[in-house]
Amino acid sequence: MTCMDIKLSHTFLAVDDHDKAVEFYRDVLGLEIRNDVGYGDMRWVTVGSPSQPEVDIILEPPAANPNMSPDDRSAVADLMAKGVYARVVFWTDDVDQTFDRVQAAGADVVQEPTDQPYGVRDCSFRDPAGNEVRFNQAKR
């Protein structure tokens, strides 16, 4: 069997306020804005790390999926409000410095830097929409 070479291209995070999300992902985390597209009353903003031009994070409206029922949309809104709908994990060279910078910007702290038994030091925050944003660093 031949091994397939597959790589992550893009992923989606639901956000309920794109302006606040852009401030967080661009101004606090330092990601670049790659695209900003509106359609009707909805908006999609693509962000990504300058060091990973092949990977996009698309900040999408929570109701973007046309197959969602009103009950599904309500359930998504409830999960987002609780901060348990989605998460994204980034690698960083210095988790403590990253924590200090993101905390100083006023982000909601979920977990302070901690050495984990599975080989990383990590911390986490909530973005303005309630998504968990985690930062990992290989343990030294």
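Need the failing condition index for T46 against (1) touching an Asp or Glu at 6+ places or on another chain (Cβ under 6 Å); (2) surrounded by fewer than 17 Cβ atoms within 10 Å (Cβ to Cβ), just the number.
(2)
Can you pull out the residues in segment 108-126 that are of a type outside the set (V, I, T) and surrounded by fewer than 19 Cβ atoms within 10 Å (Cβ to Cβ)?
Once the filter is applied, which keeps residues that are of a type outside the set (V, I, T) and surrounded by fewer than 19 Cβ atoms within 10 Å (Cβ to Cβ), segment 108-126 yields D108, Q111, E112, P113, D115, Q116, P117, Y118, G119, R126.
Residues are listed down the side, and each one gets a yes or a no for (1) part of a loop (DSSP other than H, G, I, E, B); (2) free of Cβ contacts under 8 Å to residues at least 24 places away in the same chain; (3) on the phi < 0 side of the Ramachandran plot:
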{"position": "L8", "(1), (2), (3)": "yes, no, yes"}
{"position": "F12", "(1), (2), (3)": "no, no, yes"}
{"position": "F24", "(1), (2), (3)": "no, no, yes"}
{"position": "D27", "(1), (2), (3)": "no, no, yes"}
{"position": "D36", "(1), (2), (3)": "no, yes, yes"}
{"position": "T46", "(1), (2), (3)": "no, no, yes"}
{"position": "P66", "(1), (2), (3)": "yes, yes, yes"}
{"position": "D78", "(1), (2), (3)": "no, yes, yes"}
{"position": "Y85", "(1), (2), (3)": "yes, no, yes"}
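Mind checking whether some residue in segment 58-74 is under 15 Å from the mean Cα position of the chain (by Cα), farther than 16 Å from E132 by Cα and surrounded by 13 or more Cβ atoms within 10 Å (Cβ to Cβ)?
Here is the first cut: in segment 58-74, the residues under 15 Å from the mean Cα position of the chain (by Cα) are 58-62.
The next check asks that each one be farther than 16 Å from E132 by Cα; those that pass are 61.
With surrounded by 13 or more Cβ atoms within 10 Å (Cβ to Cβ) added as a condition, the list becomes 61.
Scanning segment 58-74 turns up at least one residue that is under 15 Å from the mean Cα position of the chain (by Cα), farther than 16 Å from E132 by Cα and surrounded by 13 or more Cβ atoms within 10 Å (Cβ to Cβ).
Among the residues that make up segment 127-138, is at least one of them over 16 Å from the mean Cα position of the chain (by Cα), assigned to a strand (DSSP E or B), among the hydrophobic types (A, V, I, L, M, F, W, C) and surrounded by fewer than 17 Cβ atoms within 10 Å (Cβ to Cβ)?
The answer is yes, given that some residue of segment 127-138 is over 16 Å from the mean Cα position of the chain (by Cα), assigned to a strand (DSSP E or B), among the hydrophobic types (A, V, I, L, M, F, W, C) and surrounded by fewer than 17 Cβ atoms within 10 Å (Cβ to Cβ).
Name the residue that is surrounded by the most Cβ atoms within 10 Å (Cβ to Cβ), counting only residues in segment 87-107 that are β-branched (V, I, T), touching a Lys or Arg at 6+ places or on another chain (Cβ under 9 Å) and not in a helix (DSSP H, G or I).
Residue satisfying both the conditions and the ranking: V88.
Values in this text are rule-based calculations from the coordinates and carry no lab data. Predicted model, so just to flag it, every value in this text is computed and none were measured. Every residue, glycine among them, receives a Cβ derived from its backbone with ideal geometry; neighbour counts consider all protein chains shown.
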